[in-house]
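Please treat every number below as a calculation from the coordinates, not as lab data. Every value quoted in this text rests on a predicted model; they were computed, and no experiment measured them. Don't worry about glycine lacking a Cβ; one is built from the backbone with ideal geometry, like all the others, and counts go over all protein chains shown.
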Amino acid sequence: MRKALLLSGYEDKRIVLDESIRLFIAFQAQNKIAKLRGNISWEGDLETLRSNNDNG
């Protein structure tokens with residue numbers, strides 16, 4: 001906790017703990033997404049999607 005307080009610059013332990021939990025949750029969510037990479041199949045026509053794009 002001392003090191004976390006020092007590195008974060010926060011003075012309140014609760015803030016450090018809240019931030020740690022928030023970052024842990026975000027990291028775990030990113031890991032789950034990364035594990036899906038290459039494992040999700042998609043069927044569609046990318047060229048059709050690109051040609052129907054109204055953005056230019």
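Below is a table of values for the structure above.
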| read-out | value |
| --- | --- |
| Subset of region 1-52 that is of a type in the set (Asp, Glu) and assigned to a helix (DSSP H, G or I) - its residue that is nearest to the chain's Cα centre (by Cα) | GLU19 |
| Scope region 8-33; condition among the aliphatic types (A, V, I, L, M) and in contact with a helix residue (DSSP H, G or I) (Cβ under 9 Å, 6 or more places away or on another chain); matching residues | ILE15, VAL16, LEU17 |
| Among residues of region 13-56, those that are acidic (Asp, Glu) and surrounded by 10 or more Cβ atoms within 10 Å (Cβ to Cβ), counted | 2 |
